[in-house]
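Before any comments, here is the structure.
The values are calculated or read from the model by the stated rules, or taken from the named source; none is laboratory data. Predicted, not measured: the structure shown is a model, and the values here were computed from it. Backbone-built Cβ (ideal geometry, glycine too); neighbour counts: all protein chains shown.
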Amino acid sequence: MGEAVKPRDVQPTEESGVIQGIPSGSYPIESIYGIGRRYSEALRGIGVETVGEVAKITDIDEFEELLGIPAKVLHMIRLRALSYISGEIMQAEPFEFPSDRLIFIDIETDPACRRVWLIGLLVDGWFTQLFADSWDEERLILEKFQSFLETHRGYTLVSYSGTSFDYRVTLNAMRRHSLDTTFLEEYPHIDLCTLLRRCFIFPHHSYALKELGAYLGYGFRRSELDGLQVSLAYLRHVETGVPLANSILEYNEDDVRTVKHLIDRCLKLRRCSNVTYLGRVHFDTGRVYVETKLDPWLQ
């Protein structure tokens, strides 16, 4: 690839609008959210190995051509590096969210993510679970879910995955049982993960529900469990008839309540001193910089 081209030390003036005082940082580049194998290999191939070195990249056009990584992606990676080093939360876009008439949902499935055996729902402070004690009852809980939505017209479904997982899997399960999906397909739905990734840059490696929930202060009761363990526990229940441990149901309830917790926390972030609002993001030829300002709430 030729001689390695590493980021130059940034020595900006106030007029340039570049964030000043970037620490060198010794964290590996994989600490940055969004740095997968492809990007890490490309960056390491030109000698960029630490979060601090990523943060010092300003000649985005040069690095875009050298690495084959789009300028917009490189810019977001750099902002995440800055956030990770400084410990600041950056708000890239306004975070707007309905204040009421919300249904928070989280489902549990088989390991193949096709069949649904538990639907957790939180609405107006009231939590309920639709539980299929066997696979024969899957259709029954899907019908109950459909009826639940019909009695909550005008509400919005809120899930968390980044891929609309809960919505898609439930919809496909209903189709498999030949249930009418028209109402669900027309029902408003928001994937909170997708929205948070667009609006906020956290000094954190992951946007996964458990990790981000813990970072923003949610107290999980069943942090020792994960989705696969829960799925396998249900399969054992179905195969052996051994009652399902209450901890499995609590795991689902935690996930549902975490979604609401994240919304509440992010709506309050404007009043936090460790939030930097990115007023304008510039993509200039040869240099990309960020003009920042403190959130108006802090003035």
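Within the stretch 1-30, restricting attention to residues that are assigned by TED's automatic domain parsing to the domain that holds Lys72 and crowded, with 18+ Cβ neighbours inside 10 Å, the residue that is modelled with the highest pLDDT is Ile29.
Go through the residues of the stretch 228-236 one by one and say whether even a single one is touching a Pro at 6+ places or on another chain (Cβ under 9 Å), at pLDDT 95 or above, surrounded by 15 or more Cβ atoms within 10 Å (Cβ to Cβ) and more than 28 Å from Leu195 (Cβ to Cβ). The answer is no; no qualifying residue exists.
Cβ contacts < 6 Å: first residue part of a loop (DSSP other than H, G, I, E, B), restricted to the stretch 144-159; second residue among the β-branched types (Val, Ile, Thr) and modelled with pLDDT of 95 or more, any location; separation 6+ or different chain. Result? Matching pairs, first to second residue: Tyr155/Ile103. Taking Arg168 as the residue in question, decide whether it is in the same structural domain as Leu262 (by TED's automatic domain parsing), among the basic types (Lys, Arg) and surrounded by fewer than 16 Cβ atoms within 10 Å (Cβ to Cβ). Yes: the conditions hold for Arg168. Among the residues here, Ile190 does not qualify as closer than 30 Å to Arg80 by Cα and modelled with pLDDT under 95.
Exactly one residue out of Arg198, Arg139, Arg168 is touching a residue at least 40 places away in the same chain (Cβ under 8 Å), under 25 Å from the mean Cα position of the chain (by Cα) and assigned to a helix (DSSP H, G or I): that is Arg198.
Only one of the numbered conditions (1) at negative phi; (2) in contact (Cβ under 8 Å) with a residue 40 or more places away in the chain is violated by Gly217, and that is (1).
Out of Ile69, Ile35, one residue alone is surrounded by fewer than 20 Cβ atoms within 10 Å (Cβ to Cβ), among the β-branched types (Val, Ile, Thr) and either touching a residue at least 12 places away in the same chain (Cβ under 8 Å) or on the phi > 0 side of the Ramachandran plot (or both). It is Ile69.
Filtering the stretch 38-66 down to residues that are assigned to a helix (DSSP H, G or I) and small (Gly, Ala, Ser), which residue is surrounded by the most Cβ atoms within 10 Å (Cβ to Cβ)? Write out each step before concluding.
Here is the first cut: in the stretch 38-66, the ones assigned to a helix (DSSP H, G or I) are 38-45, 51-55, 60-66.
Filter once more, keeping what is small (Gly, Ala, Ser): 40, 42, 45, 52, 55.
Working: Ser40: 16, Ala42: 17, Gly45: 12, Gly52: 20, Ala55: 26.
Filtering first and then ranking leaves Ala55.
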